[in-house]
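Visitor: Here's a structure for you.
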Amino acid sequence: MNMLKGALLALLVLIVAGGAYIASGIYDVGADSPHARPVEFLLEALRERSTDAHGDDIKVPPLDDAKLVAEGAQHYGAMCEGCHLGPGVADNEFRIGLYPKPPLLFKQHDEEAGEQFWIIKHGIKFTAMPAWGPTHSDQIIWGMVAFLQKLPSLTPEQYAQMTANAKDEHEHHDAEAPKSGG
C-alpha cells in the first residue's frame with residue numbers, strides 16, 4: 001500500500017511540476033529554435049509510429065496509370081513543391097523558415113504508398129503539413145501518391161516537364177471532397 005501511495009505522490013508531483021513548467025512559458029516554441037533533444041525524439045517517434053500504424057491498413061489501388069501520375073505531378077507542382085521541393089528545384093525563403101524542415105520527398109526511396117496517402121489526406125500536427133483530405137478527393141490524393149512513387153527516379157528535366165504549368169493551371173472543383181477510403 002505504501003508503494004502505491006508513493007507512486008501516486010510521485011505522479012502528482014510530476015503533473016504539478018509539468019503544469020508549472022508549461023504555465024511558466026519558458027519552453028521556446030519559436031520555429032527558429034529547435035526543440036530540446038528529448039522533445040524532438042519523442043515527437044519524431046510519435047509521428048513515425050502513428051503514420052506507420054495508420055498507413056498499414058490502407059488498401060492501395062494500382063498506381064502505375066500514366067494519367068494518374070501526370071495529374072499527381074500537377075498537384076505536387078502546385079501544392080507541394082514549395083515545401084518539399086523537387087529534383088533541380090532550389091530552396092526558397094518559405095521553406096527555410098519552417099521547423100521542422102519538410103522532408104525532401106524526391107530523395108526518399110521505398111516509401112509506403114498507404115502511409116503517403118494517409119499523411120497527405122490527414123496532415124501532421126506540429127508541422128506545416130496540412131490535411132488535404134477536406135479539400136481533395138481520394139482520387140486526387142492517390143494521384144499525388146502515384147507521382148510520389150515515381151518522384152525519386154526523376155531527373156530535374158523530367159520533373160520540370162511533368163510539373164510544367166502546374167501553378168498556372170491548378171484549380172479545384174472538389175472543395176467538398178467526399179470522405180472515403182483511409
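Visitor: Can you confirm whether ALA177 is at pLDDT below 90 and surrounded by 18 or more Cβ atoms within 10 Å (Cβ to Cβ)?
Guide: yes
Visitor: Determine, yes or no, whether LYS167 is assigned to a helix (DSSP H, G or I), open to solvent by 60 Å² or more (accessible area, probe 1.4 Å) and either touching a helix residue (DSSP H, G or I) at 6+ places or on another chain (Cβ under 7 Å) or at pLDDT below 95 (or both).
Guide: yes
Visitor: Only residues in the stretch 127-156 that are closer than 12 Å to LEU63 by Cβ count as the first member; pair them with residues that are basic (Lys, Arg) and modelled with pLDDT of 95 or more, Cβ under 7 angstrom, at least 6 apart or cross-chain, and list the lot.
Guide: Every condition considered, the pairs that remain are ILE141/LYS121.
Visitor: Could you list, in sequence order, all residues of the stretch 117-145 that are part of a loop (DSSP other than H, G, I, E, B), open to solvent by 30 Å² or more (accessible area, probe 1.4 Å) and modelled with pLDDT of 95 or more?
Guide: Correct list: ILE124, MET129, PRO130, ALA131, TRP132, PRO134, THR135.
Results for (1) modelled with pLDDT of 95 or more; (2) in contact with a Leu (Cβ under 7 Å, 6 or more places away or on another chain); (3) among the small types (Gly, Ala, Ser), shown as yes or no for each residue.
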position: SER33; (1), (2), (3): no, no, yes
position: ARG37; (1), (2), (3): no, no, no
position: ILE58; (1), (2), (3): yes, no, no
position: CYS80; (1), (2), (3): yes, no, no
position: HIS84; (1), (2), (3): yes, yes, no
position: GLU115; (1), (2), (3): yes, no, no
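A quick yes/no check of all residues on (1) farther than 21 Å from TRP118 by Cβ; (2) of a type in the set (Phe, Trp, Tyr); (3) touching a Ser or Thr at 6+ places or on another chain (Cβ under 6 Å):
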residue: LEU8; (1), (2), (3): yes, no, no
residue: ILE15; (1), (2), (3): yes, no, no
residue: TYR27; (1), (2), (3): yes, yes, no
residue: HIS35; (1), (2), (3): yes, no, no
residue: VAL39; (1), (2), (3): yes, no, no
residue: ALA45; (1), (2), (3): no, no, no
residue: SER50; (1), (2), (3): no, no, no
residue: GLY55; (1), (2), (3): no, no, no
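The values are calculated or read from the model by the stated rules, or taken from the named source; none is laboratory data. What you see is a predicted model; the values in this text were computed from it and never measured. Cβ coordinates were reconstructed from backbone atoms using ideal geometry, including for glycine residues, and neighbour counts include every protein chain displayed. Remember, those area values only see protein heavy atoms, side chains included, never the ligands or the DNA or RNA. Shrake-Rupley method; radii C 1.70, N 1.55, O 1.52, S 1.80 Å.
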